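Okay, so here's the structure we're looking at.
The values are calculated or read from the model by the stated rules, or taken from the named source; none is laboratory data. Since we're looking at a predicted model, the values are computed, not measured. Because the Cβ atoms are built from the backbone with ideal geometry, glycine has one as well, and the counts that use them run over all protein chains shown. We work out accessible area using only protein heavy atoms, side chains counted, and drop any ligands, DNA or RNA first. Shrake-Rupley method; radii C 1.70, N 1.55, O 1.52, S 1.80 Å.
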Amino acid sequence: MTTPRRDFLKYSASALAGLLVLPASRRGFAQTVTPAASDRNAFPQGVASADPQPDAVLLWSRVEPLAGETDPEAVVQVSRSPEFGELVLEETLTASPDTDHTMRILVRDLEPDTTYYYRFIAADGATSRLGRTWTAPPMDARRPVSIAFFSCQSWPPNEHGAYQRLIRDERASGERGIDLILHLGDYVYGLPADPEESFGPPSLADGETADAPATAAPAGMGMAGMGMGSDGPTDPEDFDLYLAGHRRIYRGYLEDSDLQEARAMYPFVAVWDDKEYGNEVWQSYSGGRYSPKKRTAATQAWFEFVPQILSDSLSVPGVPNEARDYEQPAPLNNAPMRDFGDGFLSMEPNNLAAIHSQTCYRTVRWGAHVDLLVTDNRSYRGPSAHPGYSAQEVESEQSSVNVFSNFSLFDGNLLNTLAQGRDANGGNPPETVVINGETVPNPRRNDPSVSMLGIPQKQWFKDALAASQGTWKVWANAEPVMGFRFDAGRINPEAGTGFLWTDSWDGFPNEREELMRFIRENGIANVVSLSGDRHAHYAGLVAENYEAETPRYVIPDFTCTAVSAFERGPFLERAMGAFGLSHLGMYRRQNADGAEERVCNLNLTMRKGATAAQVMSETNDLEQALAAAVPSPNPHLAYADNDVHGYCVATFDADSCDVTFVSVARPVWDPEIYPEGPPMLRAVGYRVDAWEGGEEPKLVRTFTRGERVFGEP
């Protein structure tokens, strides 16, 4: 068999894309390729679909070559029925080692709002698992839209039970419950070790300690990038080693039964965060050093294994599509990042080539109600406002930033000053700043202001928001936009009071304020952020400036917890232990039956403040704790659940956005004991009604099912 070369075939501009664009024009005939009985798992990473459009969808798989095969072929079949009695499309694809034998095919000329089934068949008749997908509704269709959103799935597989909970609940209902799965980043954890090695002792992962060791990784899949340890191959110049290692990571993840089944059952829309590359990534910088080669290798592996429509994305009318498929740049050097321009973008040629090898910010349009605006919060951002960063320290690789492993709080006004750099105070930045009570030279006095999105993407985002006619402008956001302040200094003054997560939007308060003011001043209504990264469930409101005497709230932000990565409560319990405040994260108490349990006091710390949480840990009496509460450090935070795994489902219609937070027990769960999937601990609902431009949105709790969240009445 050979790949057809008809006029209606168009290869992607990139030879590495491995993408065919085909009209589904071969209809109404009996299937010509019949699967054969075979024990061979020819498609060990399963199948997937992505970014549905009203007349098109992207299909994906990876074929395992037979012995002696270099460019194996596979047939893809598409049908309206799972029996494949009548085919919509049948084509032969060639899988190249240049793409690790992955295949991507964009099927066009499909019917809108229609379910399709698909499969891949190898040359020996071995067949993939069945895939199910569908197209988007027509652009003027006014029907509800449901999006399940997930993030942060760490190694090992077979613990991604949140997906299984979603799948089992749909099967129990007998109806298709959601339209899309939106994955908001940290799709994989870990950076590649030398692919020729078997794995050695794993380094510690984020949130793990010596008494809670990381889980061993499979052969060739190092876990160093999950923390601040070794950053990959011993030879940092070897692009091929990086690429081989990253590919091995994706192949291992995609053998997980839960993730694979979810990819087969639902179309995904995905964007990366930092763990796909390293730790606290910005541009080509990761874990304290720069490596355009590593960055480019990770980007190529992402493009090969996480399907998405980029070059052929549908734009908001009047706003050009900036997304572009991966295209391998010329050989790169790991030159130092320097020559920082607007937004703190390094103009060093190797850095620019690496971050521009693919453009993944884009729009996914779904009927009349939803324009899903997917932003890339890593490729173009500058360093955050964390005081450990400055242009001089970055260029010399002397920065000492470790946001997630320490409990370092920074004043909001300080962060805003540092974020603005030389533009602070109307272009007259202070010579000194106060950091943790000590007056020091301003490290950013001569640096450009920082941007999370980068100047071109920010303009695209503003243009798309202003031009969108969708009822809801849904912002797919890798990190929470809302602020998170901690007032631990009320209990131990040495801990201080301020913002912790500067790797997120709290480290870019200048741009958050700019975007919120743009939305408010332009009267743009019904903008909603769906976010991830934080390993906890949160619902809250985003202010222009959290330091204002009376903050103006502009949009709601709904954050989903991790699929399987560590939970935030136990992590901060350890981090706050340095100040003797571990009980503000978690503490032990006795139940009425005398059994001991650990409870997540971080929920109370974040919503009602450290004083209330202190009293709670001392008395186990919520009424006393609430009575002792002083003004909340986060009055905009309506909901916090810091000790669970799970996902969220957001449903949009003409009048409201309803979000359900689904919390499941921490894996490991035994499928033989729980054949219906991991047990659900609770489901909590929030609603925001549509509002007029310039008004403030209002969050309303609509229901609670199952166990109540610790710290709530």
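Remarks
- Condition met for Thr611 (closer than 19 Å to Leu500 by Cα and more than 31 Å from the chain's Cα centre (by Cα)): yes
- If you check Asp463, Asp487 for being charged (D, E, K, R) and crowded, with 19+ Cβ neighbours inside 10 Å, only one passes: Asp487.
- Residues that are more than 25 Å from Val528 (Cβ to Cβ), free of Cβ contacts under 8 Å to residues at least 60 places away in the same chain, open to solvent by less than 10 Å² (accessible area, probe 1.4 Å) and within 20 Å of the chain's Cα centre (by Cα) are absent from segment 381-399 altogether.
- Of the strands (runs of 3 or more DSSP E) contained entirely in segment 651-713, those carrying at least 1 residues that are open to solvent by less than 20 Å² (accessible area, probe 1.4 Å) fall at 656-664, 680-689.
- Wholly enclosed strands (runs of 3 or more DSSP E) of segment 356-468 bearing at least 1 residues modelled with pLDDT under 95: 432-435, 438-441
- Any hit, segment 612-619, residues being open to solvent by less than 50 Å² (accessible area, probe 1.4 Å) and either under 29 Å from Val474 (Cβ atoms) or free of Cβ contacts under 8 Å to residues at least 12 places away in the same chain (or both): no
Each row is one residue, and each column tells you yes or no for (1) on the phi < 0 side of the Ramachandran plot; (2) open to solvent by less than 10 Å² (accessible area, probe 1.4 Å).
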{"site": "Gly496", "(1), (2)": "no, no"}
{"site": "Leu500", "(1), (2)": "yes, yes"}
{"site": "Arg517", "(1), (2)": "yes, no"}
{"site": "Val527", "(1), (2)": "yes, yes"}
{"site": "His535", "(1), (2)": "no, yes"}
{"site": "Ala543", "(1), (2)": "yes, yes"}
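- Evaluation of Leu418 against (1) buried (at least 22 other Cβ atoms within 10 Å of the Cβ); (2) closer than 28 Å to Arg338 by Cα; (3) in contact (Cβ under 8 Å) with a residue 40 or more places away in the chain (one fails), failing number: (3)
- Restricting segment 345-372 to residues that are of a type in the set (A, V, I, L, M) and crowded, with 22+ Cβ neighbours inside 10 Å, the residue that is farthest from Leu182 (Cα to Cα): Leu345
- Residue match in segment 404-424 (condition: within 17 Å of Ser286 (Cα to Cα) and within 25 Å of the chain's Cα centre (by Cα)): yes
- Looking across Asp312, Asp325, Asp342, one residue alone is of a type in the set (Asp, Glu) and either over 24 Å from the mean Cα position of the chain (by Cα) or open to solvent by less than 10 Å² (accessible area, probe 1.4 Å) (or both). It is Asp342.
- Verdict on Ser146 being under 19 Å from Leu58 (Cβ atoms) and of a type in the set (Gly, Ala, Ser): no
- Each residue in segment 554-583 was checked for being farther than 17 Å from Glu712 by Cβ and in contact with a helix residue (DSSP H, G or I) (Cβ under 6 Å, 6 or more places away or on another chain), and 8 of them qualify.
- Residue selected from segment 357-392 under the condition out of contact with any Gly (no Cβ under 9 Å at 6 or more places or on another chain) and among the β-branched types (Val, Ile, Thr), by the criterion farthest from Trp505 (Cα to Cα): Val364
- Which numbered condition Pro317 misses (of (1) over 30 Å from Ser656 (Cβ atoms); (2) open to solvent by 20 Å² or more (accessible area, probe 1.4 Å); (3) not hydrophobic (A, V, I, L, M, F, W, C)): (1)
- Count - residues of segment 86-114 that are in contact (Cβ under 8 Å) with a residue 40 or more places away in the chain and within 20 Å of Arg129 (Cα to Cα): 17
- Scope segment 60-83; condition of a type in the set (Asp, Glu) and in a loop (DSSP other than H, G, I, E, B); matching residues: Glu64, Glu69, Asp71, Glu83
- If you filter segment 588-611 down to residues that are free of Cβ contacts under 8 Å to residues at least 12 places away in the same chain and open to solvent by less than 50 Å² (accessible area, probe 1.4 Å), you find that the one that is nearest to Val709 (Cα to Cα) is Ala595.
- Any chance Pro292 is open to solvent by less than 10 Å² (accessible area, probe 1.4 Å) and either more than 30 Å from Phe410 (Cα to Cα) or of a type outside the set (A, V, I, L, M) (or both): yes
- Residue satisfying condition, being at pLDDT below 95 and surrounded by fewer than 24 Cβ atoms within 10 Å (Cβ to Cβ), within set Glu567, Glu547: Glu567
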